[in-house]
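Below is one structure, written out as structure tokens, with a few remarks after it.
The values are calculated or read from the model by the stated rules, or taken from the named source; none is laboratory data. Everything numeric in this text was worked out from a predicted model, so none of it was measured. Cβ coordinates were reconstructed from backbone atoms using ideal geometry, including for glycine residues, and neighbour counts include every protein chain displayed.
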Amino acid sequence: MLLASASMAELRRVCVYCASSPGTNPKVTDAAVALAELLADEGLELVYGGGTVGLMGLIADTVMSRGGTVRGVIPTQLFPREIAHRGLTELIEVSSMHERKTKMFELADAFIALPGGFGTLEELAEVTTWAQLGIHAKPIGLLNVDGYYDGLLTWLTRAVQDQLLRADNRTLLLDASDAPTLLQQMRAYEPSAAIQKWLDLNQS
């Protein structure tokens with residue numbers, strides 16, 4: 001089991017989940033650039049999926065252009081080699097999607113999901129479930145650009161109302177419409193008492 005915890009003093013690397021497509025909403029691309037600039041200016045390393053295309057390539061290129069550090073993790077057996085970004089601080093090649101997600105988890109102290117598709121949602125759901133199970137206490141956030149994740153947030157509210165999701169588990173997923181606010185929330189994040197109990201049990 002991948003036990004891990006991170007105090008805010010240890011927030012050094014942020015994993016960003018995002019699409020391999022640029023999409024059509026300029027507000028999303030602007031938000032990706034703004035997040036990348038913030039990470040670089042704050043001296044936070046970027047951990048991401050290692051590609052050159054779409055929002056993934058945009059955020060990596062922006063961090064690098066501002067003198068930041070970028071670590072990419074890509075399963076090269078599943079993607080054409082030209083998709084892998086060869087201009088990063090470090091490109092880690094793995095053999096499977098499972099290895100990729102595990103490595104990104106191990107490298108990062110926090111996680112942010114930009115607007116994306118199935119892959120982004122799957123990565124976000126898994127790392128949040130790991131937090132719910134007490135496997136880690138790292139902050140997780142949604143960058144809810146232009147209301148992209150409003151439907152997901154409404155669903156979470158309904159899940160709590162219907163007692164299918166505990167209210168303290170709902171607090172595992174932070175959200176904000178802009179990067180500075182989200183990063184501030186992540187730096188202030190502390191797991192609920194119930195989650196801390198799971199952490200203590202898993203680490204005992």
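Between Ile140, Ile59, the distinction of being of a type outside the set (Phe, Trp, Tyr), closer than 22 Å to Leu172 by Cβ, under 18 Å from the mean Cα position of the chain (by Cα) and modelled with pLDDT of 95 or more belongs to Ile140 only. Across the stretch 15-52, the qualifying residues are those that are in a loop (DSSP other than H, G, I, E, B), out of contact with any strand residue (DSSP E or B) (no Cβ under 6 Å at 6 or more places or on another chain) and among the hydroxyl-bearing types (Ser, Thr, Tyr), and the one among them that is farthest from Asp146 (Cα to Cα) is Thr52.
Rundown of residues vs (1) touching a residue at least 60 places away in the same chain (Cβ under 8 Å); (2) buried (at least 19 other Cβ atoms within 10 Å of the Cβ), yes/no style:
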| site | (1), (2) |
| --- | --- |
| His85 | no, yes |
| Leu88 | no, yes |
| Ser96 | no, no |
| Glu99 | no, no |
| Glu106 | yes, no |
| Pro115 | yes, yes |
| Glu122 | no, no |
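Summed over the stretch 143-189, residues that are without any contact (Cβ under 8 Å) to a residue 40 or more places away in the chain and touching a helix residue (DSSP H, G or I) at 6+ places or on another chain (Cβ under 9 Å) total 18. Summed over the stretch 20-41, the residues that are under 13 Å from Met56 (Cβ atoms) and over 16 Å from the mean Cα position of the chain (by Cα) give a count of 4.
Mind listing whichever residues of the stretch 108-145 are of a type outside the set (Phe, Trp, Tyr), more than 22 Å from Val53 (Cα to Cα) and assigned to a helix (DSSP H, G or I)? Within the stretch 108-145, Ala125, Glu126, Val127, Thr128, Thr129, Ala131, Gln132 meet the criteria.
Against the test of being outside any loop (DSSP other than H, G, I, E, B), farther than 23 Å from Gln185 by Cβ and free of Cβ contacts under 8 Å to residues at least 40 places away in the same chain, the options Val73, Val63 yield a single qualifying residue, Val73. Screening the candidates Leu107, Leu91, Leu78 for the property of being closer than 21 Å to Glu42 by Cβ and of a type outside the set (Phe, Trp, Tyr) yields one hit, Leu107. Taking Arg100 as the residue in question, decide whether it is under 18 Å from the mean Cα position of the chain (by Cα), under 27 Å from Thr181 (Cα atoms), charged (D, E, K, R) and not in a loop (DSSP other than H, G, I, E, B). Judged against the criteria, Arg100 is not a match.
Among residues that are on the phi > 0 side of the Ramachandran plot and buried (at least 21 other Cβ atoms within 10 Å of the Cβ), Gly134 is included.
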